[in-house]
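Inspection log for the structure reproduced underneath, given as structure tokens.
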């Protein structure tokens, strides 16, 4: 059972007044528009770590769907949907306000092949497997939430599928790499920039 703070982005129903902002961005050679709001993660615009994750991500060699885990208002999933139209994109979050924004942002950016719905972690994804899971995890929720989420990601990857994570060094990047290495067959620090680590963990089952 999780305890939710009314104005925390890791909250099902934020109670703060909804104040929106719309901004144009350029990601992966594409001009995109995103509307964000109070009560969601990075309400002032796409944060540096998320941008690094979006620009660094490379699709795995295997075919399969992508999952944007903790999608917020949708920058990761929507950008990848535009960049890889041949892939089906699933986007989930616990925050209903963020999901509403993500659905509107998907429509406004011409993304029709993304499914967007509420899920606390993998709760509503029990029988789904993905080629890639991409996430900027809810650090403020703490290790008791994030670490089980990483283990569940392994269980929801196809063989040779990949988990991509962005996390800052001061938020525990070295510890997370060590933890992921305890069950993933390959864990690599793909990029490091301004204290942010982009980590790729590959599931190579024998």
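The values are calculated or read from the model by the stated rules, or taken from the named source; none is laboratory data. The model shown is predicted, which means the values in this text are computed figures rather than measured ones. So basically every Cβ, Gly included, is an ideal-geometry build from the backbone, and we count neighbours across all protein chains shown.
Assessment of segment 178-187 against the conditions (at pLDDT 95 or above, more than 20 Å from residue 42 (Cα to Cα), in a strand (DSSP E or B) and in contact with a helix residue (DSSP H, G or I) (Cβ under 7 Å, 6 or more places away or on another chain)) yields at least one matching residue. Within segment 118-136, the residues that satisfy the criterion of being in contact with a helix residue (DSSP H, G or I) (Cβ under 7 Å, 6 or more places away or on another chain) and either free of Cβ contacts under 8 Å to residues at least 24 places away in the same chain or on the phi < 0 side of the Ramachandran plot (or both) are 118, 122, 133, 134, 136. Only one of the numbered conditions (1) within 15 Å of residue 68 (Cα to Cα); (2) modelled with pLDDT under 95; (3) crowded, with 20+ Cβ neighbours inside 10 Å is violated by residue 120, and that is (3).
For every residue, the table says whether it meets (1) farther than 21 Å from residue 131 by Cα; (2) at pLDDT 95 or above.
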| position | (1), (2) |
| --- | --- |
| 8 | yes, no |
| 22 | yes, no |
| 26 | yes, yes |
| 32 | yes, yes |
| 39 | yes, no |
| 56 | no, yes |
| 88 | no, yes |
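I'd like to know if segment 127-137 contains one or more residues that are under 24 Å from residue 203 (Cβ atoms), at pLDDT below 95, part of a loop (DSSP other than H, G, I, E, B) and within 14 Å of the chain's Cα centre (by Cα). Yes, some residue in segment 127-137 is under 24 Å from residue 203 (Cβ atoms), at pLDDT below 95, part of a loop (DSSP other than H, G, I, E, B) and within 14 Å of the chain's Cα centre (by Cα). Assessment of segment 155-169 against the conditions (modelled with pLDDT of 95 or more, in a loop (DSSP other than H, G, I, E, B), under 20 Å from residue 81 (Cα atoms) and touching a strand residue (DSSP E or B) at 6+ places or on another chain (Cβ under 9 Å)) yields at least one matching residue. When segment 67-81 is filtered for residues that are more than 22 Å from residue 26 (Cβ to Cβ) and either assigned to a helix (DSSP H, G or I) or touching a helix residue (DSSP H, G or I) at 6+ places or on another chain (Cβ under 8 Å) (or both), only 69 remains.
Test residue 84 against the criterion of being in contact (Cβ under 8 Å) with a residue 24 or more places away in the chain, surrounded by fewer than 19 Cβ atoms within 10 Å (Cβ to Cβ) and over 23 Å from residue 24 (Cα atoms), and give yes or no. Here the answer is no, as residue 84 does not meet what is asked.
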